[in-house]
Every structure is written in structure tokens, then in C-alpha cells.
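The values are calculated or read from the model by the stated rules, or taken from the named source; none is laboratory data. Not measured: the values here are computed from a predicted model. No Cβ is skipped: glycine too gets one built from the backbone with ideal geometry, and neighbour counts run over all protein chains shown. The protein model used for the area step is the full one, side chains on, heavy atoms only, and it has no ligands, DNA or RNA in it. Shrake-Rupley method; radii C 1.70, N 1.55, O 1.52, S 1.80 Å.
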Amino acid sequence: MANLHLRIGDLVWGKLGRYPPWPGKVVSPPKDLKKPSGKKCFFVKFFGTEDHAWIKVEQLKPYHPHKEEMIKINKGKRFQQAVDAVEEFLKKAKGKEQASHNGSSEDKSKSSTADGKKRKNPTTVKALLEEDKKDLASHKQTFFEKNKKVKDDPYFQHFLLSQTEKSGPGISQPRSTMRMSLENSNSKERSLQPCSSLEPISKRLKIIEEAASTSIQAADSTAVNGSITPTDKRIGFLGLGHMGSGIVSNLLKMGHVVTVWNRTAEKCDLFIQEGARLGRTPAEVVSMCDITFSCVSDPRAAKDLVLGPSGVLQGIRPGKCYVEMSTVDPETIAELSQVITSRGGRFLEAPVSGSQQLSNDGMLVILAAGDRTVYEDCSSCFQAIGKTSFFLGEAGNAAKMMLILSMVQGSFMATIAEGLTLAQVTGQSQQTFLDILCQGQMASTFLDQKCQNILQGNFRPDYYLKHIQKDLRLAISVGDSVNHPTPMAAAANEVYKRAKALDQSDNDMSAVYRAYIH
């Protein structure tokens, strides 16, 4: 397909990394989005998802000639929804073309009257931007009625506020609702720095389109993942486990230059095929890269990676950045920070809250602390892998916050498992118990997914049970260090320890249920 000739608007099948060929449309990239160097590629917006990406021409096929072939080899529900979205798009395009043809034969007086009116009921931020200030004022309420969830979106509030400053009070929005800094509101990149150290950086602009819009209609050219401008700094990544694999995949997908290393070298092969470079040792990766991330299983692994033979410390030079993403204790963070900075390096901790699925989806929550300038240098990386990031101050704070979050999550999971077993032994329906929970105040995606895992006996790991037990143990230790009682966490920890003794370590955390039935 190297000689494939494509134009803006053409429908294609695009192969993105490890994912199957997916239907998309060739679109114009945002002006501030760099085109990857090297082989010829096109900017594609995928149907049925929120993804945009540069796709190499050899990974593209025309939509119609290959439709039947692709439908035969892909049977997933999301894939079928994407194909349906393409067909709906084609149907609407055909309808518009027919309407345009019919309209051309209308009476000229009607046409001129129509031309004299502004287009009403805009449904995207981009459309709003094209309206004059009077139209913005008159259609603001209509827009909100059609798009109820957009009103509180910080991007949209930012837009309204900027228009208020230009156009007067007709479309004013209270400043008190703003959650992002407007210092760079005229910048094309619109860097989303938080107003305070605890304010989140929102990753995505989510606009709810009216029913007539296609399922892939983006709010404007800066919306969604594809608008990320990758840093020109060279990125290193150490550790390709459950979390690290999804993180690296999203970094590559968004155009970052990434060098990878893993203790089991074979895990690197897939990412090399996706465009990553290979580092032979942690020291080599650090020496080759400007910013190196690490994501491993526990404090011992994190220390070995830095202090061991051919470790990170041997590659650290003044100015090199090291970002520890592993969930570890504050003491480990203090030690790693000290040895890195003693060699002139710059240190940031950035553990992530989420599961393997959220890692794959680029929807992690990043908790960062340490060198603020490193946090800022990592901006495009954090936008690529997460939906929100927080800067929490000095090194060690993120480790404490992460362990507290894990403590709450682990204790909650153990309690839910206990409730399910108690329901069973007292003759109550576990499914009814779950249905009642999901209709009440405790309803959440986490609750529903984990309970369904239990009821279906599906404990494929999304977050390893052994890791949540490790987090509980470390959280209890943090409590001990400040003489603060953690009785609920301690009780939950014992249940997870029993589950580990029943050989559940490498199953999902929801397998703690089995500790109650043996």
C-alpha cells in the first residue's frame, strides 16, 4: 500500500499498534500537531472511539474494497459499533448531498432568505467559534439544552470566558466555575497547568453531540487524544508489565520517541514493531534519553533497577530526568530521589491510579511529586497516558496518597466480597444483591465490574491481587510511622494474605472472594 493515494475525507482501515484494523477517516491534523518524521503517514480519526493518530501509509487500506474482508476477521461488539457508525456517516453524507441537490432547484428568493440567516443550533465548540458574538449569545441556551454535559466542561468555560472578554456580557460565565489557569489562553497549545498544586489537568474535551451528528464528530481541532503535541525530548521506559505495556503503547501512539527495556527482553519485541527503540540495559536507556520512566512491581524491584548492575544510576548525568511510576513506600522514594539528585539528575515520582484496562485506554490518574520542572516536561506524556494528573508537592507525597487510595480500594473490594458470600450462605441471591447495590449510592463501574467477575468466576488479572496486598501492607506501615490506627486496612490485609495462600496472587484482586469460600 506504499503507493496508496489518499485525500482528506477518504474512508480507510487503519492499523494502530496492537489493535486490529479499524475504520476511520483521513482528516486534517491540528496545526500545532507535529507530523512524525520518516515514512509517509496520514492523520486518521477513528470511528466509534475518541482516537486520532498518525498512521503510516503501509498500515492503511481503502474502506470499501476491504470492508467484507475486515468484517470477517473482526467480530467484537465495539468493532461492529464502529462499522455501524461508518454506515451512518455514509447515509447522512448521502442525505446531505441529496438535500443539497434538491435545494439548488428551490426558488431564488427562498434561497436568498435562507442565506441571510445565520446557521442555528451549533453543536460543537468549533461551530460556536464560527458564529459572531450576537449568534453566540442568542444560541447559548439552545446549545446547552442539546448538550447538557458540556456546560461544566472547563475547556468550554474557558472558551466562553475568552469570548466574554472580547464580546461583552452577553455570554458571560462566572469565573468561579473555572478550574484551569487562563494565563496562556491565547496559546495554540493551551497548556493546561492547574491553578494550584492540587488542581487536576484535564486530558480530554468531551462534547455530547446531538443525535444527527456522527459518532466521531470532534468538538474542535484541539479536542481528544490526537491533539497532543508530543515532546521533542527522548523518552525511556523501564518495565513492560500490566501497567507499563499500556503506558508505552499510548506514548508511541501519540508520537513520542520511546526507548524501552524490560527484564524479560521478549516483551520488548512488540513495541519495537510499533516503532520503539531497544535499550540493552537500564543504564543505556537513561544515557540515551532525556526523561526515563520506570514502572515495576514493588520497592525491591524499584531499588534494584536504580542501584543494581548496569542500573539507572550508572547512566545518570546532570540534567537527566528520572520518573518513578511504581507504587512504593515513601522511604523508597526518598532513597531514590537522593541518589538520583546526588548525580545531578532530576527526580519525579508519578505513581498511577488505575487498572490494566485503564492503562490500555490511556485513562490513568497520575499522582506526581518532586521536581516541578520535570512534571512540566512530562506534560505531553501524562496527557497521552492519563485523563488527569495532580502535582502534590515534595517527593514522597505521591507515594503516601497512592497508598491511601489503594488502601481504600482494597478494603472496599474485601468488604464487597464478604457481602457476596454472606448473601449466599444466608440464602439470598448474589445477583439481586448486586442489582440492589448498583441502584443505590454505592453504584460505580468498579463495583459492577468486580462483582460480575466474581459471579462469572472470571478472575483474569486487571489489577493483580498480590499487588493490592502489597499496597495494603505499605499503607499500614505508613500509618504506623505516624502512629495512626488502620484497623480496617489491617483486617483486609489478612483476607488478601489468605487469598494469596490459596494461590490467588496472580489473579485479579476480585479473587479475594475465594478467601471467604475456602
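Tally Lys/Arg at +1 and Asp/Glu at -1 over every other residue whose Cβ is under 12 Å from the Cβ of V495; what's the total?
Details: positive: K497, R498, K500, R514; negative: E418, E494.
Local net charge: +2.
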- Task: Averaged over every viewing direction, what's the projected area of the C-alpha convex hull for segment 437-480? Give it in nm², one decimal, please.
- Result: 4.2 nm²
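State which entries of K25/K91; K72/K96; K56/K92; K31/K320 exceed 19 angstrom in Cα-Cα distance in the structure shown.
Values: K25/K91 15 Å; K72/K96 30 Å; K56/K92 29 Å; K31/K320 30 Å.
In this structure, K72/K96; K56/K92; K31/K320 exceed 19 Å between Cα atoms.
Leaving ligands and nucleic acids out of the surface, order K470, K35 by accessible area at 1.4 Å, largest first.
Working: K470 15, K35 115 Å².
My answer, sorted largest first, is K35, K470.
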- Take peptides 8-15, 40-47 and line them up by average Cβ neighbours within 10 Å, highest first, as a rough protection proxy. 40-47, 8-15
- Interchain or long-range residues, amide H under 5 Å from R277's placed H: V258, T259, V260
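Which entries in K45/K267; K303/K400; K267/K400 show an alpha-carbon gap greater than 24 Å?
Numbers: K45/K267 29 Å; K303/K400 18 Å; K267/K400 30 Å.
Exceeds cut-off: K45/K267; K267/K400.
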- Message: Working only with C-alpha atoms, what are the Rg and Dmax values of segment 297-374, expressed in angstrom?
- Response: 12.9, 37
- Long-range HN-HN contacts of T388 with modeled amide H, under 5 Å: I366
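Between beta-carbons, use under 13 Å as the cut-off and find the net charge around D84, counting Lys and Arg +1, Asp and Glu -1. Before the final figure, lay out each step's value.
Details: positive: K67, K77, R78, K91, K92; negative: E87, E88.
Net of charged neighbours comes to +3.
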- Please turn the phi angles of segment 370-381 into ³J(HN,Hα) values with the Karplus equation 6.51 cos²θ - 1.76 cosθ + 1.60 (θ = phi - 60°), one per residue in order, whole Hz, x for glycine and proline. x, 6, 5, 5, 5, 4, 5, 5, 8, 3, 5, 5
- Note on the structure: HN-Hα couplings for segment 250-267 via Karplus (6.51, -1.76, 1.60; θ = phi - 60°), in whole Hz with x for Gly/Pro, come out as 6, 4, 5, 4, 8, x, 6, 8, 10, 10, 10, 8, 8, 4, 8, 4, 4, 5
- Task: Return the sequence-ordered ³J(HN,Hα) values of segment 467-478 in whole Hz as given by the Karplus equation 6.51 cos²θ - 1.76 cosθ + 1.60 applied to θ = phi - 60°, using x for Gly and Pro.
- Result: 6, 5, 5, 4, 5, 4, 4, 5, 5, 4, 5, 4
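Quick one: compute a quarter of the convex hull surface over the Cα atoms of segment 396-518 and quote it in nm². Mind showing how you got there, number by number?
On the way: hull surface 31.6 nm².
Directional mean of the projected Cα hull area for segment 396-518 stands at 7.9 nm².
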- For segment 451-510, alpha-carbon Rg and Dmax in angstrom: 12.8, 41
- Message: For the full complex of protein chains and a 1.4 angstrom probe, list E68, E331, E274 by accessible area with the highest value first.
- Response: E68, E331, E274
- In square angstrom, rounded to the nearest 10, how much accessible surface does L307 have for a 1.4 Å probe? 80 Å²
